[in-house]
Amino acid sequence: MQAAVVVVGSVNVDVVAELDRFPRPGETLRAAGVRRNVGGKGANQAVAARRVHEAVAFIGRVGEGPDGSDARAALDREGVDVTGLRTVADARTGTAFIQVADGENTIVLDPGANEAWDDLDDTERSVVSEAAVVVCQMEVPTAVTAAAADACTGRLIVNAAPAGALDATLVARCDPLVVNEHELAVLAGRSVDGIGDARAAAAAMTRRGARSVVVTLGARGAVWVTGDDTGEVSPPRVDVVDSTGAGDALVGVLAARLAVGEDLRDAVRWAVTAGSLAVRTTGTHAAYPDLATVADHVADIVSKS
Ligand code: RIB
């Protein structure tokens, strides 16, 4: 397997309850609808990348049984190379319990097999080392992410989600580090309030070693910062049906565009376009746009320096 984009990360079964509103503590609510689909930040990013790029591989872990087989089959159907998706004996596949109401979501995670590894094997290292872009997130052990960073000879994207501390060696490899405002606040050790403040906190992360930083701002788009340049992109207003996994669509498309040699400024425009298209319908993979759709909408993005 030789892929331009290699995602090393999590795969889950998402059990999604669609609600009219979120329940209060102690309250029982009837769901308006319930569905199961394959998710996990890593798997979502791989599928989003594959929608716009032909050569994408995923390295991760599932448990034995139907959930693991379903996840593998779903990624395979999408055209993602799943040679590096291994099955762990006596482990269950990760499960995410998701509530969606008014376009927002809450997620409770049972990581299962996503936590049942602490290194890459020789084959996986070799796949990672041949990739133009390697993508990691924080839903697998930090030792796995460190191993991926170590093996990566191309560009490393670290999406620090869910929020958590990052080792200085890893920060220094990020090109870019991708965070939302909350994740940036955790890394910066202070609150981050508004676009200007997000730029300032992102610039501080570059001074801590990150080669570049992209801060995702939901409906407001994203800001990006490198050592000597910065910019901001805003999508047109859209009606949000379900924002679950929209950040993953952004990261996957960002990786794919960087892998074809686009610069960060233009890659972020494509990525924000994909993220904004992904909130228009329910689900994650089902909502991710293909290359032609993103290309049709990328001109609607407003860029500012
Ligand atoms: O980012 C959305 C994803 O987070 C979901 O698919 C869920 O599995 C959790 O990992």
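The values are calculated or read from the model by the stated rules, or taken from the named source; none is laboratory data. Just so we're clear, the structure is a prediction, and the values are computed from it rather than from any experiment. Quick reminder, even Gly has a Cβ in these numbers, built from the backbone with ideal geometry, and neighbours come from all protein chains shown. Side chains are part of the model used for accessible areas, which takes the heavy atoms of the whole protein and leaves out ligands, DNA and RNA. Shrake-Rupley method; radii C 1.70, N 1.55, O 1.52, S 1.80 Å.
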At 0.36 nm per residue, minus the direct Cα-Cα distance, what do E64 and D239 gain on full extension? Give it in nm, one decimal, please.
59.1 nm
Inter-part gap, Cα centre of region 19-46 to Cα centre of region 58-133, in whole angstrom, is 19 Å
Given the options E27, E183, E104, which has the most mean-square fluctuation in a GNM of the chain, springs set between C-alpha atoms less than 10 angstrom apart?
E27
Contact order normalised by length for the chain, with contacts defined as Cα pairs under 8 Å and 6 or more residues apart; what percent is it?
17 percent
Contact order relative to length of region 1-49, as percent, for alpha carbon pairs under 8 angstrom and 6 or more apart:
50 percent
Mean-square fluctuation check for the chain, GNM, Cα pairs under 10 Å: which of A113, A172, A286 is largest?
A286
Calculated FRET value between A165 and D193, using beta carbons and R₀ = 25 Å, to 0.05:
0.75
What is the extension gain from D76 to R208, computed as 0.36 nm multiplied by their sequence separation minus the C-alpha to C-alpha distance, in nm to one decimal?
43.7 nm
Express in nm, to one decimal, how much length is gained between F22 and A200 on full extension, taking 0.36 nm for each residue of separation and deducting their alpha carbon distance.
60.7 nm
Charged-residue dipole, Cβ positions (Lys, Arg, Asp, Glu), region 163-216 about Cα centre, Debye nearest 20
240 debye
Relative contact order for region 48-164: what percent, with Cα pairs under 8 Å and sequence separation of 6 or more?
20 percent
I need the shape label for the chain. Rule: rounded when a/c is under 1.5, else prolate if a/b > b/c, else oblate, with a, b, c from the alpha carbon gyration tensor.
rounded
Taking 7 Å along the Cα-to-C-beta vector as the label spot, tell me the D290-E262 distance in nanometres, rounded to one decimal.
1.8 nm
Computed magnitude of the charge dipole of region 142-300 (debye, nearest 20; Cβ of K, R +1, Cβ of D, E -1)
280 debye
Sort F58, F22, F97 by accessible area with a 1.4 Å probe, largest first.
F97, F22, F58
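Using a 10 Å cut-off on Cβ atoms, rank the peptides 65-71, 134-140 from the highest mean neighbour count down.
Answer by packing, highest mean first, reads 134-140, 65-71.
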Going by the alpha-carbon gyration tensor, a ≥ b ≥ c the square roots of its eigenvalues, is region 95-234 rounded (a/c under 1.5) or, if a/c is not under 1.5, prolate (a/b greater than b/c) versus oblate?
oblate
Go ahead and set up a Gaussian network model of the chain, Cα springs under 10 Å, then flag whichever of L29, L85, L75 fluctuates most.
L29
Can you list the residues of region 30-59 with backbone N under 18 Å from a point 7 Å past the Cα of A143, pointing along Cα to Cβ?
none
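Counting helices only, and only those DSSP H runs with n ≥ 4, report the 222 nm mean residue ellipticity of the chain as the sum of -39,500 (n - 2.57) divided by its residues, in deg cm²/dmol to the nearest 500.
Values: 10 runs with 104 residues, N = 305.
Computed mean residue ellipticity for the chain: -10000 deg cm²/dmol.
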